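Before any comments, here is the structure.
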């Protein structure tokens with residue numbers, strides 16, 4: 001215990017000193033952590049090192065968990081689904097391209113074929129934690145390309161699980177076991193869907209019931225408990241701690257507490273995240289770098305160039321603009337956690353050459369060090385490439401991007417309706433099938449045997465009947481049509497004489513799937529003959545007798561699930577809080593860059609410009625009902641706003657605006673300056689109140705100097721020729737005003 005605390009104290013103090021120096025040098029903080037890690041390691045002898053490296057591994061593992069949980073809280077399942085198609089195609093291109101590049105370079109360096117395969121796997125995974133930290137330090141997390149990069153990273157992490165199964169199978173059997181790969185994919189989908197459904201249905205409801213007791217301290221304890229609990233369960237299911245932490249963060253991202261959870265867990269994330277990056281720096285071995293500097297530089301170049309080329313190409317192919325594709329590609333130019341995990345897997349299987357691990361660590365450190373600089377280089381490179389591209393190619397890329405956006409928007413009503421309907425059918429088939437399989441597995445493995453032991457005479461039958469009762473609502477939702485009457489009529493009419501055939505086929509397929517699942521469960525308990533007969537009877541019974549009651553109950557469950565899934569958005573838009581006519585009550589978070597920050601409500605223009613009314617303000621633990629006109633709005637306030645759908649939709653992005661400006665002003669750029677008014681100034685004869693310098697220019701006029709006299713009560717004072725105005729603001733703004 002003493003060495004654990006000693007090592008933590010040492011690396012944090014050293015990290016603090018080094019990062020202050022890096023801040024002073026205006027360098028990314030993550031690079032400071034890496035340098036601090038190298039200085040703290042046994043590889044740097046001039047100063048004392050940590051006593052036990054395993055201690056640092058422990059703290060670093062916590063850092064990865066908290067970092068991925070924080071990413072999940074910001075990046076909900078809804079966002080992941082929005083970028084999912086583009087991200088999946090891009091990741092397939094990246095992994096294919098980088099695996100081939102790693103394999104070829106490995107052969108060039110003289111490695112065996114199995115080592116080349118593992119090397120390709122290590123080079124194909126970018127570092128989620130490094131990119132999160134770089135984007136945070138550089139204020140880029142709200143940019144469009146950042147959300148796309150996050151989507152690519154999460155899909156990469158999911159593919160990494162499959163890649164490890166494939167590599168393990170090749171290493172042990174010298175071939176890919178299809179059944180093992182299929183089982184791994186099924187387990188991953190099963191894990192994600194079950195916990196997504198359970199989490200979305202249960203967690204928001206539970207949190208809302210104990211809302212009164214959730215102060216910041218309790219919310220922090222609850223959040224970290226859920227995070228670590230899901231991480232442990234993820235490992236028990238055969239996946240990584242990081243995946244479980246991300247899943248729990250994504251579930252919580254859809255709740256009303258997402259902003260508060262993000263805020264209360266930030267200090268924990270910053271603390272353990274810094275330890276993780278310090279641990280990366282500790283893995284640098286100067287002797288290995290000196291001995292293998294050639295392969296290290298070559299592999300670093302392959303990672304940087306390969307990621308830029310394959311990621312940019314993948315995103316362009318999926319319809320992203322050239323600028324977004326290049327910004328995303330330049331952000332993915334590193335390898336990280338999964339490279340070390342794959343390397344450890346190869347070593348544990350006894351197939352990876354001992355020299356590859358330290359080489360990959362050195363490549364990881366170099367590419368981590370260069371990541372912030374490549375992110376900064378992306379926009380200048382895009383401008384240069386934009387000038388160099390032939391006009392014909394430039395027009396082709398622009399047209400392709402616009403066509404992709406048009407297709408996503410949906411131009412053909414019938415095609416869009418078919419797409420929506422097929423997507424709904426597919427999601428329901430997968431979702432309800434997995435839920436039925438989960439209930440059946442739990443029952444056949446645990447519940448029914450336990451009941452049979454407790455009540456030998458009828459326990460088995462009772463277990464099956466109880467399980468079928470639990471399955472019934474989900475089976476009904478799986479079997480019955482999801483299309484509305486109007487949709488069916490329109491789609492049938494658009495298809496002519498055969499317009500109803502696809503709808504009938506989809507319904508038949510779903511009933512057959514449901515029947516197969518029921519028969520499979522009953523067969524596992526009583527045998528095939530009983531399973532077939534009982535399954536058919538059960539399906540007919542619920543479809544004919546209990547369909548209305550079951551469907552009404554299922555609609556209530558589904559409505560609650562959808563409301564919980566969109567709780568955060570519904571709270572912000574007010575669509576579930578209807579008052580009278582088209583009026584809704586929405587709860588909006590006041591962003592740092594909202595134009596109303598610091599303004600009195602009476603001066604904010606909310607009623608005049610947007611037509612809405614503020615009915616309450618939640619500020620920390622303070623609740624202000626029906627605030628007066630002189631009440632002010634501050635960042636972090638949760639404001640209750642009443643308005644129509646259109647008014648709330650227009651206000652929401654303005655109220656919650658938090659986008660960081662690149663290269664914006666800081667405190668050192670803020671100054672006091674005086675400006676003299678000439679005889680041609682357009683401000684002559686106007687008052688400060690009329691000019692509205694504060695709102696228009698984000699500057700403030702403190703005083704007017706006129707004929708040796710200083711006037712401080714300046715609001716209603718008309719300006720005259722020769723007046724000297726004393727103002728505060730950023731240099732650029734004051735230059736423009738002057």
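Couple of notes before you dig in:
- Residues 274, 348, 205, 126 arranged by fewest to most Cβ contacts within 10 Å: 348, 205, 274, 126
- Cβ-based exposure ranking for 615, 638, 18, in which fewest neighbours within 10 Å come first: 615, 638, 18
- Largest-first principal axis extents, alpha carbons of the stretch 667-737, Å: 31, 24, 23
- Distance between the C-alpha centres of the stretch 282-315 and the stretch 355-398: 13 Å, rounded to the whole angstrom.
- Taking a point 7 Å from the Cα of residue 49 along the Cα-to-Cβ direction, the residues of the stretch 24-40 with backbone N closer than 11 Å to it are 38-40.
- Every Cα-Cα pair in the stretch 193-282 was counted, and those over 15 Å apart are 63% of them.
- Rotationally averaged projected area of the stretch 182-331 (alpha carbon convex hull; nm²): 13.1 nm²
- Under conditions of 10 °C and 1.306 mPa s, the stretch 2-382 yields 75 µm² s⁻¹ as its translational diffusion coefficient, taking Rh as the Kirkwood radius over Cα pairs in the Stokes-Einstein equation.
- Shape analysis of the stretch 252-291 based on the Cα gyration tensor places the equivalent ellipsoid semi-axes at 37, 10, 4 Å, largest first.
- For the stretch 577-655, the Kirkwood estimate of the hydrodynamic radius, built from every pair of different alpha carbons, is 12.4 Å.
- Using R0 = 56 Å, the C-beta based FRET efficiency linking residue 384 and residue 716 works out to 0.60.
- Residues 401, 394, 589 arranged by fewest to most Cβ contacts within 10 Å: 394, 401, 589
- Reciprocal of mean inverse Cα separation for the stretch 1-72 (Kirkwood radius, Å): 13.1 Å
- Cα-projected label distance for residue 21 with residue 397, points at 7 Å along beta-carbon direction, nm: 4.1 nm
- Residues residue 654 and residue 233, FRET efficiency given R0 of 35 Å [Cβ-Cβ distance, rounded to 0.05]: 0.30
- Our estimate of slack between residue 373 and residue 189, defined as 0.36 nm per intervening residue step minus the Cα-Cα distance, is 62.6 nm.
Quick note: the coordinates plus some simple rules give every number you see, no bench work behind them. These numbers come from a predicted model, not from an experiment. No Cβ is skipped: glycine too gets one built from the backbone with ideal geometry, and neighbour counts run over all protein chains shown.
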